[in-house]
Amino acid sequence: MDRVMEAAIEAARAAGEVAMKYFRSGFDVEIKPDRTPVTQADKEAERVMIELLRRAFPDYGFLGEEFGAQGSKEIRWIIDPIDGTKNFVRRIPIWAVLLALEEHGEITAGVVHNPVTGELYSARKGAGAY
């Protein structure tokens, strides 16, 4: 497994741990300008992902669901820390951490992780999907 996939999987799992802490206990819900919900779990999970990925790849940028674009747009991580926040808020166990790597306009890696079930799917261009 290459460094990109190792870092992506580590970040997705770390975000899942953060989200599960809130999913099992409690959280406040805010409504974003687009009228969709956001929780502390969404924000904290995105921060954790950015921190881990920035440490591994300091020159890469980010496009996050909660905090928008930062840094390079040529090579960047695209992050949705909790895809399915409406389910998350209702304690429905069908939601996931999503992460992709975009390189020069093309998606070259991706991870989908459902921390509730432990399922994790990953793919890397030219290296297969698991």
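Structural remarks
- Converting phi to 3J(HN,Hα) with the Karplus coefficients 6.51, -1.76 and 1.60 and the offset θ = phi - 60°, region 94-101 yields 10, 7, 8, 8, 10, 8, 9, 10 Hz in sequence order, with x at every glycine or proline.
- With Cα atoms, 0 to 90° folded angle of helix 40-56 axis to the chain main axis: 20
- If you take all other residues with their beta carbon under 14 Å from the beta carbon of A109, and give Lys and Arg +1 and Asp and Glu -1, the sum is -2.
- Only the Cβ atoms of Lys and Arg (+1) and of Asp and Glu (-1) were treated as charged; on that basis the dipole of the chain about its Cα centre amounts to roughly 320 debye.
- Listed by chain and number, the lysines placed with their C-alpha closer than 25 angstrom to that of K32 are K21, K43, K73, K86; residues fewer than eight positions away on the same chain are left out.
- Solvent-accessible area of F67 with every protein chain in place, 1.4 Å probe, in Å² to the nearest 10: 80
- These residues, S72, S25, S122, go from largest to smallest accessible area, 1.4 Å probe, as S25, S72, S122.
- Counting Lys and Arg as +1 and Asp and Glu as -1 over every other residue whose Cβ lies under 15 Å from the Cβ of G64, the net charge comes to -4.
- Sorted from longest to shortest, the spans of the Cα atoms of the chain along the three principal axes equal 38, 30, 22 Å.
- Helix 3-24 and the longest principal axis of the C-alpha atoms of the chain enclose an angle of approximately 0°.
- Region 1-111 - percent relative contact order, Cα under 8 Å, separation 6 or more: 24
- Protein-only accessible surface order, largest first, of R76, R3, R91 at 1.4 Å: R3, R91, R76
- With R₀ set to 35 Å, the beta-carbon distance separating R55 from T108 gives a calculated FRET efficiency near 0.95.
- Amide hydrogen neighbours beyond the local backbone of I75, cut-off 5 Å, H modeled: G61, H104
- With DNA, RNA and ligands ignored, accessible area of K32 (1.4 Å probe; Å², nearest 10): 40
The values are calculated or read from the model by the stated rules, or taken from the named source; none is laboratory data. Note that this is a predicted model, so its numbers are computed, not measured. Methodologically, a virtual Cβ is constructed for each residue, glycine included, from the backbone with ideal geometry; neighbour enumeration extends over all protein chains shown. SASA here: full protein model, heavy atoms, side chains in, ligands and nucleic acids out. Shrake-Rupley method; radii C 1.70, N 1.55, O 1.52, S 1.80 Å.
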